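In what follows, a single structure is set out as C-alpha cells and then discussed.
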Amino acid sequence: MRLAARRGILMGMEEMILLKMGEMVLKGLNRSRFEASLLARLGAVLAPHGRFEVTSRQSAVYAVPDGDCDMDGAFAAASRVFGFSALCRAIRCEKEIADIQQKALLLPALKNARSFKAEARRADKKFPLTSPQICEQVGGFIHETLKLPVDVHTPDEVVWTEVRETAAYVHTRPAEGAGGLPPGTAGKAVLLLSGGIDSPAAGWRMARRGLSLLPVHFHSYPYTSPEAKEKVLTLARILSSWCGPMTVRVISFTAIQEAIRTHCPDDLATVLTRRSMCRVANAVALRNGAGAVVTGDSLGQVASQTLEAMTVTEEASVLPLFRPLVGMDKEEVARLARRIGTFETSILPYEDCCGLFTPRHPQTRPKPEAVLAAEKLYDYRALEAETLKNVEKIDV
Ligand code: ATP
Ligand code: MG
C-alpha cells in the first residue's frame, strides 16, 4: 500500500491531487497574476516528489502524477501552499458510470466510515447523467455493495464525483488548504524574527496574506549563544516550507545594546532597544524593496507592548509596522505555532538578545518627549549605520 501510494497509484488506480483556489477567485483583472504565482509555487513544492502535470480550470487545479511520484509527500507539501482553500487526493475514472462506481468503492476513507452521502458536480454538461442522477447511481452502488448506511444530514464521509472535460474523478471530503493568497502577490516585508513563539507565527500570518518575507534577526553575541542563532534559522526553515525560500539577515545588536545600557535611563532601555531595532529593520527594508515591517507584538504582553510603548516604537518607523498578533492572546498564538510547526523549536531554551540587560522596572507608559531626550544622550544612529555594514545573509 505504501509503495503503491508512492507511485500515485492507489490499488491499481490512477490517483491525482485536486486543489481548490481560495479567495483569489474573487479577483478581477488581476487574477492571472495571482494564478501564475500560485501555480509557480505549487510546481516548486511538488518537484521534489516526482513529475506532475499541473493544470488549472476555473477555480480548480489538477496535479496529475507523470510516472513515479511520492503522493504522500506531494500532498503534504501542497497543503502548505498559500492560496488554496482545500485539497484532496482523487481517483481518476473513465467517464462512464460503471467505472465511477467501481472506483468510488476504493476510496480509502470509506473503510472506516459509519455513514456517507454522495455528491456530484458535472462540469461537462454533455455527460448523459445529471448531478442528482450521478449521486443516485454512485450512492446506491456504494450502499448496496459495502452495506454502508446513507445519511444525507450528518454523514461521516462524503463521496464526491466530479465529471470534467477529459475524465471523471472520485474523492472524499477535502482537507483544509493553507488558505490566504499566493506568495509574493502582496509585496515584500521585513519580518523581525526572534527565537520566540510569536514572531514566526506573525510572519506566517503575513506571508499568508501574500507578503514575501525578509527575516531579520538581531543577536548579541557573545551574550547570546550560536545555538540561539541556529534556533532562529531552524524557525526560518520551517517558515520557508510554507512561504518558499528566504534569505535571513542576521545582524549584531551587541554594540547598540551596550550603548543603551551605558547611556540610557534604565526604565527606558526597552523602548530604546525597540526603536533602534525598528530603524535598522527599516533600513534593511528600504535597501531591499520591502514596504513594511512585521513584528510579533501582542497588546499588553510585556512592557514593550503596551499601547504607549507601541506608539513610541512605531514613531521610529517610516514604513508601516504590521502586528498581525496584536489582538491574540498567548494561547491562540501557541495554537497557531503548533499548527504551523514552529512551537517545539520556539520553546527551546536559548536566550534572545531582548532578554539581556532588561531593566527591573521598564516604563510601561513611556512619554515620547522622555524617549526622544534619552535618545539624544548618545549617537545611536551612528552605531546603527555601523552595524548595517555587517549583515550576514543566510539562505534557507
Ligand atoms: P516572540 O515575540 O517571537 O515570542 P519574544 O516574546 O522573545 O519573541 P518580544 O519581547 O515579545 O519577543 O518581542 C516582540 C517582537 O520584537 C518579536 O515578536 C519580534 O518581532 C521582535 N524581536 C524581538 N527580539 C528580536 C530579535 N532578537 N531579533 C529580531 N526581532 C526581534
Ligand atoms: Mg512576544
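Each reported figure results from applying straightforward, stated rules to the coordinates on display, with no laboratory input. Values in this document were obtained by computation on a predicted structure and should not be read as measured data. Neighbour counts run over all protein chains shown; Cβ positions are idealised from the backbone, glycine included.
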**Request:** Would you work out which of Val250, Thr172, Val271 lies farthest towards the positive end of the dipole of the stretch 162-272, given +1 charges on the beta-carbon of Lys and Arg and -1 on that of Asp and Glu, about the Cα centre?
**Result:** Thr172
**Prompt:** With the radius of gyration and the Kirkwood radius both derived from the Cα set of the chain, what is their ratio Rg to Rh?
**Reply:** 1.10
**Charge dipole (the stretch 94-250, unit charges on Cβ, about Cα centre) - positive-most of Ser240, Ala120, Pro108** = Ser240
**Message:** Quick one: 3J(HN,Hα) in Hz for the stretch 288-302, Karplus 6.51/-1.76/1.60 with θ = phi - 60°, rounded, Gly and Pro as x.
**Reply:** 10, x, 8, x, 7, 10, 10, 10, x, 4, 9, 3, x, 4, 9
**Item:** Helix-derived mean residue ellipticity, 222 nm - over the chain, DSSP H n ≥ 4, -39500 (n - 2.57), to 500
**Value:** -11500 deg cm²/dmol
**Complete:** In whole Å, largest first, the alpha carbons of the stretch 253-363 cover along the principal axes 42, 36, 26
**Request:** Express the C-alpha Rg of the stretch 45-121 as a ratio against the empirical globular expectation 2.2 N^0.38 Å, rounded to two decimals.
**Result:** 1.24
**Request:** Express in whole angstrom the spacing between the alpha-carbon centres of the stretch 360-375 and the stretch 150-196.
**Result:** 47 Å
**Distance between modelled label sites at Tyr221 and Arg51, nm, 7 Å Cα→Cβ extension** = 4.5 nm
**Complete:** Taking every DSSP bridge whose two residues both lie in the chain, the antiparallel percent to the nearest 5 is 60 percent
**Message:** Can you compute the charge dipole magnitude of the stretch 245-296 about its Cα centre, using +1 on each Lys and Arg Cβ and -1 on each Asp and Glu Cβ, nothing else charged? Give it in debye, rounded to the nearest 20.
**Reply:** 240 debye
**Distance (nanometres) between label positions extended 7 Å along Cα→Cβ at Leu29 and Glu176** = 3.6 nm
**Asked** For the chain, what is the relative contact order in percent, using Cα pairs closer than 8 Å and at least 6 residues apart in sequence?
**Response** 16 percent
**Prompt:** What ranking do Ile394, Ile17 get, fewest neighbouring Cβ atoms within 10 angstrom at the top?
**Reply:** Ile394, Ile17
**Prompt:** Each label point is 7 Å from the Cα along the Cα-to-Cβ direction; what then is the distance between the points at Leu146 and Glu96, in nm?
**Reply:** 2.3 nm
**Asked** Based on the Cα gyration tensor of the stretch 176-256, what are the three equivalent ellipsoid semi-axes, each the root of five times an eigenvalue, rounded to whole Å and given largest first?
**Response** 25, 12, 9
**Debye log10 I(q)/I(0) for the stretch 305-396, one point scatterer per Cα, at q = 0.16, 0.19, 0.24 Å⁻¹** = -1.12, -1.37, -1.34
**Request:** Rank the residues Ser32, Ser304 as a footprinting-exposure proxy: fewest other Cβ atoms within 10 Å of their Cβ go first.
**Result:** Ser32, Ser304
**Complete:** Among Ser131, Val318, Pro65, the residue whose Cα sits farthest towards the positive end of the charge dipole of the chain, when +1 is placed on the Cβ of each Lys and Arg and -1 on the Cβ of each Asp and Glu, is Ser131
**Request:** With only Lys, Arg, Asp and Glu charged, each at its Cβ (+1 for the first two, -1 for the last two), find how big the charge dipole of the stretch 118-236 is about the Cα centre; round to the nearest 20 debye.
**Result:** 580 debye
**Asked** Which whole-angstrom value gives the distance between the alpha carbon centres of the stretch 226-297 and the stretch 77-104?
**Response** 44 Å
**Prompt:** Out of every Cα-Cα pair in the stretch 250-307, what percent are more than 16 Å apart?
**Reply:** 53 percent
**Item:** Helical segments meeting 20 Å axial Cα length and Kyte-Doolittle -0.5 threshold in the chain (DSSP H)
**Value:** 31-46, 131-146, 226-243, 269-287
**Item:** Cα-centred dipole magnitude for the stretch 350-396, charges only on beta-carbon of K, R (+1) and D, E (-1), debye, nearest 20
**Value:** 300 debye
**Request:** Take peptides 257-265, 107-115 and line them up by average Cβ neighbours within 10 Å, highest first, as a rough protection proxy.
**Result:** 257-265, 107-115
**Loop-located trypsin sites (Lys or Arg not before Pro) in the stretch 295-396, at most 11 other Cβ atoms within 10 Å (DSSP)** = Arg360, Lys389
**Request:** Would you mind checking which residues have amide H under 5 Å from Lys188's amide H? H placed 1.01 Å from N; only 5 or more apart, or other chain.
**Result:** Ser212, Gly291
